[in-house]
Amino acid sequence: MTPVTQAIDRGDQHLTQELTSTQGLPGPVISARAVWLAGLMLVVVTILTRGIWLGNPVADFDEQLYSFIGWRMTHGELPFVDWWDRKPFGLFAIFAFAHALMGPGPVAYQLLAAAFALGGAVLVLRLVQEMTDLFAGAIAGALYLLLIAAYASFSGQTEVFFLPLMLGMVWLLRDPAHPDFARRALWAMLLGGLALQIKYSVLPQCLFLGGWALWHHARAGKSLPQLAGIALSFAVMGLLPTMLVGLFYAAIGQWNAFVFANFLSFFDREAASQGRWAQSHWIGVAPIAILVIGGLYASMRMDPPKDRARYIFYVMWALASLATVLLPGTVYLYYYAALVPAAVLVATPLIGYRHIPALVLLGAAFYILQLPDRWAQSRADSAAATQLATAIAPHVGATDNCLFIFDGPTALYRMTGSCVPTRFAYPDHLNNALESNALGVGQDIEVARVLATVPGAIVTADRPMTHQNPVATGLVESALALGYREEATVTMHGRKLTAWVRRTDQP
């Protein structure tokens, strides 16, 4: 009878003792109950961190556009052609799948995102367990869930979808001595290619992980011609999903639209004055910094890793993940969600050290997330969106009298049943001065065209989220003064949003 079985029979052991009954290396057999408890813990944390926003159509900003385009894809419309954005096709396909399966509401993509988040947490658990034990792995998985939520991946942000794919690459490449490493590496490159179709900024991670696999092939004695062939096969597998999407758009005569939206417009977008670092980031990145610095210190002074080569691999992946965060010219704090899984893995020696630091870190993460406050905020914002949509709906139509959201939640287009007067459905594309030269059409020209259709309602905000295009803003303000009246004003995300409807004395 194993020590775990004895503990269960006696019933006098705490959860911590049960979950720490084994190491990731060969040792005592883990009880089925311990595994189920670890899994249940991750499910509970997933619900706690994501259930708060379930059903909230305005939980975050960018995802509203992804949801809108994905929903319109279920009606036969296409990103880059019918609706414009520069995110890859694969991201919209994920949202389209969710809406095709579970309807047009936000619950569809939020449930799918929760499944992705849980999958990522399980991979973190397994990776950390191999270096320490099951209890530390469960804590690490919970930290992953809490921290991606703290960095705004609590509903449908891109990071929640590509992080499990990157963790999958790491899982496949973590053991170069595996007899099936060559085939695992090819599958890893395909996962990286799929991640690229969610967000192109994962490229530095893909390059690092591909280089890591190639280096181990070289160490295994592969000749230069063999290494060249392997590198080519890696590139083909990694680029295959993007190439297939490009071929599809070429086949329907929309190659130029695909290339401009996916690649060229990125370089036309101006960087914000803050660049890659804002003063507010000092506090924001503190949780990740604590994990990384604490983990490195613990690896040298407290609990040296049993497999130092693998730990170095995780440290190097963390550097590649940081490159993913810093790749765009303007870096927002929520981009640091891409660094969370690597930071947790680097912190493995700290998390596994007598489990006291792990519990402290978990408690701190719960505190940072401030779940009760976020629950109240989510309910209030959701109610405000419903109130605004209800006020707008009688004044707009499905084919004319369209709603024009100059600054406000994209979700209102679906919630009101209104037609959309522009292919630039995301308000930021038409009001953000950084996008002035990145759309393929002038912002002021497009705004003037939309206003010439005399929208049935216009939504604005009292405080811009970004630096506004003064010409486009002036056009909207003039139109409102001449032909619109205030219908409803609500508070959402700390701003006052106003719905203006066309006056009855206007044609």
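Annotations
- In terms of overall dimensions, the chain has a Cα radius of gyration and Dmax of 24.8, 87 angstrom.
- Surface composition of the range 356-507: carbon plus sulfur atoms hold 59% of the accessible area, using a 1.4 angstrom probe and ignoring ligands, DNA and RNA.
- Each label was represented as a point 7 Å from its Cα along the Cα-to-Cβ direction; for Ser280 and Ile445 these points are 3.4 nm apart.
- For the set Ser436, Ser265, solvent exposure ranked by accessible area (probe 1.4 Å, protein chains only) runs largest to smallest as Ser436, Ser265.
- Hz values of 3J(HN,Hα) by residue in the range 31-43 - Karplus curve (6.51, -1.76, 1.60), Gly and Pro given as x: 6, 4, 5, 5, 4, 5, 5, 5, x, 4, 4, 5, 5
- With pairing defined as another cysteine C-beta under 4.7 Å, the cysteines of the chain that fail it are Cys206.
- For the range 136-242, the Kirkwood estimate of the hydrodynamic radius, built from every pair of different alpha carbons, is 14.8 Å.
- Taking all protein chains as shown and a probe of 1.4 angstrom, Asp373 keeps an accessible surface of around 100 Å².
- 1.4 Å probe accessible area per residue over the chain, in Å²: 42
- For the range 112-271, the share of accessible area belonging to carbon and sulfur comes to 72 percent (1.4 Å probe, ligands and nucleic acids excluded).
- Each Cα pair under 8 Å and six or more residues apart adds its separation to the average, and for the chain the resulting relative contact order is 16 percent.
- Rounded to the nearest angstrom and listed largest first, the equivalent-ellipsoid semi-axes of the range 104-181 from its Cα gyration tensor are 26, 15, 9.
- At full extension, Ala235 and Trp255 could sit 5.1 nm farther apart than now, given 0.36 nm per residue minus the alpha carbon distance.
- Using a probe of 1.4 Å on the protein chains alone, the accessible area found for Thr46 is around 10 Å².
- Projecting the Cα atoms of Gly70, Met169, Pro305 onto the charge dipole of the chain (Cβ charges, centred on the Cα centre) puts Pro305 farthest toward the positive pole.
- Counted residue by residue at 0.36 nm each, then reduced by the alpha carbon distance between them, the extension gain from Arg485 to Ile312 reaches 56.1 nm.
- If you take the alpha carbon atoms of the range 52-149 and fit the smallest convex hull around them, that volume is 107 Å³ per residue.
- Exposure of Ile458 as accessible area (Å², to 10), given a probe of 1.4 Å and all protein chains: 0
- Per-residue HN-Hα couplings for the range 292-309 [Karplus 6.51, -1.76, 1.60; θ = phi - 60°; Hz; x = Gly/Pro]: 5, 5, x, x, 5, 4, 5, 5, 9, 10, 10, 8, x, x, 5, 10, 5, 4
- Ellipsoid semi-axes in whole angstrom, largest first, where each is sqrt(5λ) of the Cα gyration tensor of the range 384-507: 20, 16, 14
- Look at the Cα gyration tensor of the range 206-284: its axes a ≥ b ≥ c give a/c of at least 1.5 with a/b at or below b/c, and that counts as oblate.
- These residues, Glu77, Glu486, go from largest to smallest accessible area, 1.4 Å probe, as Glu486, Glu77.
- Accessible surface ranking for His99, His178, 1.4 angstrom probe, highest first: His178, His99.
The values are calculated or read from the model by the stated rules, or taken from the named source; none is laboratory data. Because the structure is a prediction, the values reported are computed rather than measured. Quick reminder, even Gly has a Cβ in these numbers, built from the backbone with ideal geometry, and neighbours come from all protein chains shown. Just so you know, the surface numbers come from the protein's heavy atoms only, side chains and all, with ligands and any DNA or RNA stripped out. Shrake-Rupley method; radii C 1.70, N 1.55, O 1.52, S 1.80 Å.
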